[in-house]
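Structure first, then comments.
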Amino acid sequence: MSEKVYAVIPAGGVGSRMRSDIPKQFMDINDSPMISYVLRAFEESRVDGIIIAVSDEYIEFLEKIIKEHDISKFTCFVQNGSERVYSVKNGLDKTSDEDIVLIHDAARPMVTPELINSCIDSVKKYEACIAAVPVKDTIKEVSEGVITGTPERSRLFAAQTPQCFRVKVLRDAYGKWEEEGKIFIPTDDASLVERYSDVPVRIIEGDEKNIKVTTPGDIKVAESILKEDDCINM
């Protein structure tokens, strides 16, 4: 069986900080749903298939987006979980050990095909990698409102998505996490591999524009960025 490259897009978040009646990933940016920009970027990249984790109530909404934007690489829907980690696991179950998986936040609409393809090249070489950018601010460690440390800024990176793995690497990490009793809930996919695998997770150059849309103010930023020529033309 030949290797395939799949994108898994968890799209089940509720986006409570957005103060909206619908999940943020389905809100409009420049007259198109946020997730449509994500789907178009992956459609125009070298991935072979797109798997979307979402609740049943939004499947019809997404089917319309997929049709309107000609997303030919759409593979299937899977059920979203109570936490991101479970949504990703459901998507991973639709792949084979010899495949590659790129996991991307549905609320990062500024991802480009170029970044996605760079991730594909890197994961084929290194087995595990994530897009990330150096932090610009000085970071403080705090306990009960008191600063307890200042990490060296040159060693700090802000994790983005896609986060990319040989499927077997990530699947084995999930297995060990479950065997250990799921004693912690990871906030990203790399943390599972960091903790339960000997495979090092590499950093590849991300994109400063590839922000996660979280608050109402981020919508305005995304609208401006997506109007620029180097982003996806919807």
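Couple of notes before you dig in:
- Any chance Thr214 is β-branched (Val, Ile, Thr), free of Cβ contacts under 8 Å to residues at least 24 places away in the same chain and part of a loop (DSSP other than H, G, I, E, B): no
- Members of region 32-70 that are surrounded by 20 or more Cβ atoms within 10 Å (Cβ to Cβ) and in a loop (DSSP other than H, G, I, E, B): Ser45, Val47
- Within region 62-82, residues that are over 19 Å from His104 (Cα atoms) reach no partner that is assigned to a loop (DSSP other than H, G, I, E, B) with beta carbons closer than 8 Å at six or more positions or on different chains.
- Verdict on Lys89 being in contact (Cβ under 8 Å) with a residue 60 or more places away in the chain, touching an Asp or Glu at 6+ places or on another chain (Cβ under 6 Å) and surrounded by 14 or more Cβ atoms within 10 Å (Cβ to Cβ): no
- Whether a residue is over 19 Å from Val101 (Cα atoms), among the basic types (Lys, Arg) and part of a helix (DSSP H, G or I) was assessed, and Lys209 does not pass this test.
- Failed item in (1) modelled with pLDDT of 95 or more; (2) among the acidic types (Asp, Glu); (3) farther than 26 Å from Val47 by Cα, with Asp218 passing the rest: (1)
- Region 160-190, subset of a type in the set (A, V, I, L, M, F, W, C) and surrounded by fewer than 18 Cβ atoms within 10 Å (Cβ to Cβ), residue nearest to Ser118 (Cα to Cα): Ile185
- Region 105-124 residues that are closer than 21 Å to Asp218 by Cβ and among the hydrophobic types (A, V, I, L, M, F, W, C), paired with ones that are at pLDDT below 95 and part of a helix (DSSP H, G or I) (beta carbon under 6 Å, 6 or more apart): Ala106/Gln25; Ala107/Lys24; Ala107/Gln25; Met110/Ile225
- Selection of region 47-76 for residues being over 17 Å from Val88 (Cβ atoms) and touching an Asp or Glu at 6+ places or on another chain (Cβ under 9 Å) yields Asp48, His69, Asp70, Ile71, Ser72, Lys73, Phe74.
- Pairs where the first residue, in region 183-207, is within 11 Å of Gln160 (Cα to Cα) and the second is basic (Lys, Arg) and at pLDDT 95 or above, C-beta under 9 Å, 6+ apart: none
- Which listed residue, of Asp48, Asp56, is more than 28 Å from Ser224 (Cβ to Cβ) and in contact with a Lys or Arg (Cβ under 6 Å, 6 or more places away or on another chain): Asp48
- Boolean, Val133 is touching a strand residue (DSSP E or B) at 6+ places or on another chain (Cβ under 7 Å) and closer than 16 Å to Ala159 by Cα: yes
- There is no residue in region 137-154 that is at pLDDT 95 or above and under 20 Å from the mean Cα position of the chain (by Cα).
- Residue ID - nearest to the chain's Cα centre (by Cα), chosen from residues in region 184-204 that are within 10 Å of Ile130 (Cα to Cα) and aliphatic (A, V, I, L, M): Ala190
- For region 94-148, the set of residues classified as among the β-branched types (Val, Ile, Thr), surrounded by fewer than 24 Cβ atoms within 10 Å (Cβ to Cβ) and either touching a Gly at 6+ places or on another chain (Cβ under 7 Å) or part of a loop (DSSP other than H, G, I, E, B) (or both) consists of Thr95, Thr112, Val133, Val135, Thr138, Ile139, listed by residue number.
The values are calculated or read from the model by the stated rules, or taken from the named source; none is laboratory data. Here the structure is a predicted model, which means the values were calculated and not measured. Positions of Cβ are generated from backbone atoms using ideal geometry, with glycine treated the same way; all protein chains shown enter the neighbour counts.
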